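Structure first, then comments.
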Amino acid sequence: MSYQASNPLADEFEFDLDRPVTAYWFAMLRVITGWWFFHAGVTKLIDSGLNFGYAPAYLEGMTGTALGPIPVMMAEYFGWALPALVPLGETLIGLGLMVGAMVRLASFFGVIFMTLFWVGNAGFGHGVVNGDLMGLLLFATMMVVGAGRYFGLDAIIEKFEFVKQRPKLRYLLG
């Protein structure tokens, strides 16, 4: 980050993402966020295996939320798969973030999870800002900055000839 020390009223501002401190910061955020989700998923797998039965009931309980009928429809049509998808999804999202592989894709699904958690868990009695919103913002940040490129496997994967020949794959990596 730099600014003009000689003229504090200057409107020029620059945030350099190539600085070593920034790389360490994004890598640390990625690993911590990954561990958070990995731990949540593995704990569910240990406790109930692929039968996390609370998932469909959770979505069905979101009837009067801002997302409207979407979660209820998800529970109705995908309720049979949700008990396995929730713990597996959390585990894989967390693992992807921790090793830095397909971070944008993992973060996209993390945003979906956190949106459902945020809207489903919050009574918003204390406002809209809570831990679930902060998690949503963490995943969005990982996606926007391509945090997998900072000390993650995505930096290595992007150098493969297969990815170079298919540049659109970089939207999943990073």
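The values are calculated or read from the model by the stated rules, or taken from the named source; none is laboratory data. Given the structure is predicted, the values throughout are model-derived calculations rather than measurements. Backbone-built Cβ (ideal geometry, glycine too); neighbour counts: all protein chains shown. Heads up: the accessible areas ignore ligands, DNA and RNA and are worked out on the full protein's heavy atoms, side chains in. Shrake-Rupley method; radii C 1.70, N 1.55, O 1.52, S 1.80 Å.
Of note:
- Seen from MET143, the other residues with C-beta closer than 14 Å to its C-beta sum to a net charge of +3, counting Lys and Arg as +1 and Asp and Glu as -1.
- Region 119-174 - percent relative contact order, Cα under 8 Å, separation 6 or more: 28 percent
- Ordered from highest to lowest accessible area with the whole protein assembly present and a 1.4 Å probe, SER107, SER48 read as SER48, SER107.
- Mean Cα-pair separation over length for the chain, i.e. relative contact order, pairs under 8 Å, 6 or more apart, %: 24 percent
- Annotation: amide H-H contacts under 5 Å for MET102 (H modelled 1.01 Å from N, sequence separation of 5 or more, or interchain): ASP154, GLY174.
- Think of a 1.4 Å ball rolled over the protein heavy atoms: region 23-174 then has 56 Å² of accessible area per residue.
- Residue-by-residue Karplus 3J(HN,Hα) for region 159-168, coefficients 6.51, -1.76, 1.60, Hz, glycine and proline x: 8, 5, 4, 4, 6, 4, 6, 10, x, 5
- Helical mean residue ellipticity (222 nm; -39500 (n - 2.57) per DSSP H run of 4+; nearest 500) of the chain: -19500 deg cm²/dmol
- Counting only heavy atoms of the protein chains and using a 1.4 Å probe, PHE117 has close to 50 Å² of accessible surface.
- For the chain, the square roots a ≥ b ≥ c of the C-alpha gyration tensor eigenvalues yield an a/c of 1.5 or more together with a/b not exceeding b/c, which makes the shape oblate.
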